[in-house]
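Following: one structure in structure tokens, then a few remarks.
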Amino acid sequence: MLGRFLELSVPAPRILESWQWYQRLGFAPTTDGEVWAHRYAAVTDGRIAVGLHEAVLDGAWLTWVLPGLATHVARLEASGVAFDELTLGDDRFHEARFTTPDRHGARLLEARTFSTPTATPRMPLGWFEEIALPVSDLAAARDYWETLGFVAAAEGEEPWPWVGLTSDTLSLALHATSGFDAPALVFSNDDRGALAAHLATAGVEPEKRLPRAVDPARHLWLKSPDGTILWIVPPP
């Protein structure tokens, strides 16, 4: 319903530092389509892309590409999407923004803003699983995302109640917690020794303080220079 997922768009005031940090972890740089007026770069592991925007963004944004965007606005509004901003003029790059009930930003673009590399390296972090979103009301958040085309696929109680949702191009995990406050990228990894060695070589140190419910013996949190959390979990 929302199109093809493009990237997690994040504000990166120190864009070069962020760009280099992600590459030290194994992400590959992409080719910028030069759509934006501000400085922009993107990196990817082949499954998830992070768009680094040296511009004023109100936190991280989930970004999809939906060709023919203007023709889909009425349908999306009928499904319950309340757009905060629409840019649909003939001489403008088409963009539509909305905010979820849990205050997560989402936007739809007419076209891609980068080209993916022909090959990406095997990620030392592991396998990208999903984007984790903190929510206040798990049942209500589940209902909201299901109206946007996601389907519930899993649920659990650790480290707090959560529901996993899937779509054609992105999986989400809704977490009923205040343990984190912005979208996080979740990777599964079954070789903590190799990961620890890679992080030491890359000069990246895991977060020392995790939310009380998160077991540090089984989970790692990495925080990028732009503030994005990369959450390393055991294989499902």
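Only the coordinates and a few stated rules stand behind these numbers; no lab work does. The shown structure was predicted, so the numbers you read here are calculated from the model rather than taken from an experiment. Heads up, the Cβs are rebuilt from the backbone with ideal geometry, glycines too, and the neighbour counts pull from every protein chain shown.
Modelled spin-label separation between Ala82 and Asp102, with each label point placed 7 Å from Cα along the Cα-to-Cβ direction: 1.8 nm. Amide H to amide H, with H built 1.01 Å from N, Leu6 comes under 5 Å of Thr63, Trp64, Val65, counting only residues 5 or more places away or on other chains. Here the translational diffusion coefficient of region 4-115 follows from Stokes-Einstein with Rh set to the Kirkwood radius across Cα pairs; for 10 °C and 1.306 mPa s it amounts to 108 µm²/s. How large is the Kirkwood hydrodynamic radius of region 131-203, counting all unique pairs of alpha carbons, in Å? Answer for region 131-203: a Kirkwood hydrodynamic radius of 13.6 Å.
Between Lys208 and Ser178, the contour length at 0.36 nm per residue exceeds the alpha carbon distance by 9.0 nm. Highest average first, the peptides 17-28, 192-203 ordered by how many other beta carbon atoms sit within 10 Å of their residues are 17-28, 192-203. Rounded, prolate or oblate for region 47-92? Axes are the square roots of the Cα gyration tensor eigenvalues, ordered a ≥ b ≥ c, and the cut-off for rounded is a/c under 1.5. Prolate is the answer for region 47-92, as a/c is 1.5 or above and a/b outweighs b/c.
The Kirkwood radius of region 100-230, taken over pairs of alpha-carbon atoms, gives through the Stokes-Einstein law at 4 °C and 1.567 mPa s a diffusion coefficient of 79 µm² s⁻¹. Of the residues Leu69, Pro124, Tyr40, the one whose Cα sits farthest towards the positive end of the charge dipole of region 1-126 is Pro124 (charges of +1 on Lys and Arg Cβ, -1 on Asp and Glu Cβ, taken about the Cα centre). Phi angles across region 107-114 convert, under the Karplus curve 6.51 cos²θ - 1.76 cosθ + 1.60 with θ = phi - 60°, into 3J(HN,Hα) values of 8, 10, 10, 5, 8, 5, 10, 7 Hz, Gly and Pro given as x.
Placing +1 on each Lys and Arg Cβ and -1 on each Asp and Glu Cβ, with no other charges, gives region 4-115 a dipole about its Cα centre of roughly 320 debye.
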